[in-house]
1. Could you grab the pairs with beta carbons closer than 7 Å, sequence gap of 6+ or different chains, first residue in the range 406-427 and closer than 18 Å to residue 369 by Cβ, second one among the small types (Gly, Ala, Ser) and open to solvent by 10 Å² or more (accessible area, probe 1.4 Å)?
2. Checking residue 207 against (1) hydrophobic (A, V, I, L, M, F, W, C); (2) closer than 30 Å to residue 162 by Cα; (3) not assigned by the TED database to the domain that holds residue 341, only one condition comes out false. Which one?
3. If I ask for residues that are free of Cβ contacts under 8 Å to residues at least 40 places away in the same chain and closer than 20 Å to residue 225 by Cα, which ones from the range 147-184 would you list?
4. If you go through the range 172-183 one residue at a time, do you hit one that is open to solvent by less than 10 Å² (accessible area, probe 1.4 Å), in contact with a Phe, Trp or Tyr (Cβ under 6 Å, 6 or more places away or on another chain) and at pLDDT 95 or above?
5. I need a count of the residues in the range 45-79 that are over 24 Å from residue 165 (Cα atoms), open to solvent by 40 Å² or more (accessible area, probe 1.4 Å) and either under 27 Å from the mean Cα position of the chain (by Cα) or of a type in the set (Phe, Trp, Tyr) (or both).
6. From (1) more than 20 Å from the chain's Cα centre (by Cα); (2) of a type in the set (Val, Ile, Thr); (3) closer than 24 Å to residue 298 by Cα; (4) open to solvent by less than 30 Å² (accessible area, probe 1.4 Å), pick out the condition that doesn't hold for residue 274.
7. Would you confirm, using the coordinates I've provided, whether residue 336 is closer than 18 Å to residue 367 by Cβ, within 26 Å of the chain's Cα centre (by Cα) and surrounded by fewer than 16 Cβ atoms within 10 Å (Cβ to Cβ)?
8. With the condition kept exactly as written, say whether any residue in the range 153-164 is at pLDDT 90 or above, touching a strand residue (DSSP E or B) at 6+ places or on another chain (Cβ under 8 Å) and either buried (at least 17 other Cβ atoms within 10 Å of the Cβ) or assigned by the TED database to the domain that holds residue 41 (or both).
Amino acid sequence: RTTMKSLRFISAEAFVSNAEFARKSLGAVAHDLFPLLFKASYLLEQGEVIHDLVENWPLFDFNVGKLLGATRDYQEDLSHRTCSVCLESCLTGLRDYVLNQSSPYMKKLKVVDLTGIKDVEVQFCKCKKTMGRWARTQLLSKLCSELLVYLQQAQCNPGTFEISINVLIDLFVTERNYELVMQALLKKCSCPLKICCVAFRSDNLTLQKFFYIIKLTHPSLLRKLEIVHNVHLEMEHLELLFNSIHFPLLMSLTLPARTFNVRRFTATDEQMLTNIGEKMGEMTQLTELSISFSILTGRIQKLLSPLKTPLKMLDVSNCSLNHADMAYLANSFHANHLEALDLSGHDIPELYPSTFFKLLSHCSSVLRSLTLEDCNIQDTHVNMLILSLSPCQKLEDFKFIGNPLSSQALKHLFTFLCELPMLKNVEFPVPRDCYPVGITYPIDDASLCRFDHQKYERVAGELNLILLQANREDVKASTPLFGSYDAAVQETNNELGAYLIKSFKETLEKFTTSFNKMS
């Protein structure tokens, strides 16, 4: 699909395509043409031109998401292109904006917003090298530290020290870049580039380091907090976090696996859960909550009922919910506002079919994303599922891998899915009849790939044909065996793998020591 370009945009492309000429001529360019030239340079991956545009930026703000988004001159949104050449040029250009003492423009820049950059799986940039959220965090922190060192050592124009630019960014901190980010945040007051953390994600970090760095981010301005892999945060730590730090603007909260485990609850733990619920109730902006892989049987109401704002996104996958939990969700004020819901890992047809039906009917007018992975949905349940999904006319994303459905049942379901007008993405399971007879669900990782690949390809082709014949080429159907794409995990998987091996080794050593003592 080709996107139309205006004559202005075509002219801008021609201008920046000769990098040497463009860089020499920037001094004669009208201020209001800088955004146009920036997008054209980004599309053509003209790193040197991007650097010089940013170094001489004549406007009050530099919002990457808006600059790369759909414009009248060029409708295509480029904000999902995390091209390494382009983004590195942006950030080094920003550093040199501060240092450049001969810029022909008066320095007006006050706000740089990097939060509109979207990390996606498929990249269209020619260099094929991406700069993800972790790398952007790393580079910006490094540039801030270098800038401070340079300003302390060199003879700078006194005006340089008066420059103060707020740089809005979604930080991603792990053990590997912790020291660099921590130093940059500590020295924020002295640096002309002020890191302003809008969203914070933490993986592979000790609790001590997490608690220290989260305080440096100015949590009162934080909109999104994700504590994900290998941060051993349990309920008592979460209570401490909420008691010691206030998050008045927090809209989205993701907690790590096993934060809650009601199976070993005492009376003190029940009170702790009540306190956490009340603290979350004070976060009046909170509309997104992910608490997957915790054991919360019978406690969903205690946790969610204090919330004063209805949730728009809820992920309670693999939380061992019972009928009372599902009944609360179906009847709560959240139900009418849920745009994204993940109930994976619950035996929905067996445990609470009617309550699930009620929940979906309540959120059907707004529901955009539904995930029902490993929910034991079988052929006999397909008609019930279709009935439940029928009112969900705004559904864009439906994921149901890991369910024991036959090829025939999938074809029946796909014929219905064609009728959902907004549907864009479907993740479906490998048909049960592609696996050896007697396979048990949920399928363990070792057996996951042991299916008839030729038969699967044939069935997948037939399912895509159903979409094609219904003129639904706009729907992407796939089977990601090991879960959906996660940009953050993809970017740091080497560190994540090393951490898991280290943890396994330590556990093994402890076991061996204990065994030797017993012997």
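1. Within 7 Å, the pairs are 426/477; 427/478; 427/484.
2. Among (1) hydrophobic (A, V, I, L, M, F, W, C); (2) closer than 30 Å to residue 162 by Cα; (3) not assigned by the TED database to the domain that holds residue 341, residue 207 violates only (2).
3. Across the range 147-184, the qualifying residues are 178, 179, 182.
4. Looking through the range 172-183, at least one residue is open to solvent by less than 10 Å² (accessible area, probe 1.4 Å), in contact with a Phe, Trp or Tyr (Cβ under 6 Å, 6 or more places away or on another chain) and at pLDDT 95 or above.
5. 5
6. (4)
7. Against the criterion (closer than 18 Å to residue 367 by Cβ, within 26 Å of the chain's Cα centre (by Cα) and surrounded by fewer than 16 Cβ atoms within 10 Å (Cβ to Cβ)), residue 336 qualifies.
8. Looking only at the range 153-164, we keep the residues that are at pLDDT 90 or above, and these are 163-164.
Still in the list and also touching a strand residue (DSSP E or B) at 6+ places or on another chain (Cβ under 8 Å): 164.
Next, only the ones that are either buried (at least 17 other Cβ atoms within 10 Å of the Cβ) or assigned by the TED database to the domain that holds residue 41 (or both) stay: none.
No, there is no match, as no residue in the range 153-164 is at pLDDT 90 or above, touching a strand residue (DSSP E or B) at 6+ places or on another chain (Cβ under 8 Å) and either buried (at least 17 other Cβ atoms within 10 Å of the Cβ) or assigned by the TED database to the domain that holds residue 41 (or both).
The values are calculated or read from the model by the stated rules, or taken from the named source; none is laboratory data. The structure displayed is predicted, hence computed values, not measured ones. Backbone-built Cβ (ideal geometry, glycine too); neighbour counts: all protein chains shown. Ligands, DNA and RNA are excluded from the accessible area calculation, which covers all protein heavy atoms including side chains. Shrake-Rupley method; radii C 1.70, N 1.55, O 1.52, S 1.80 Å.
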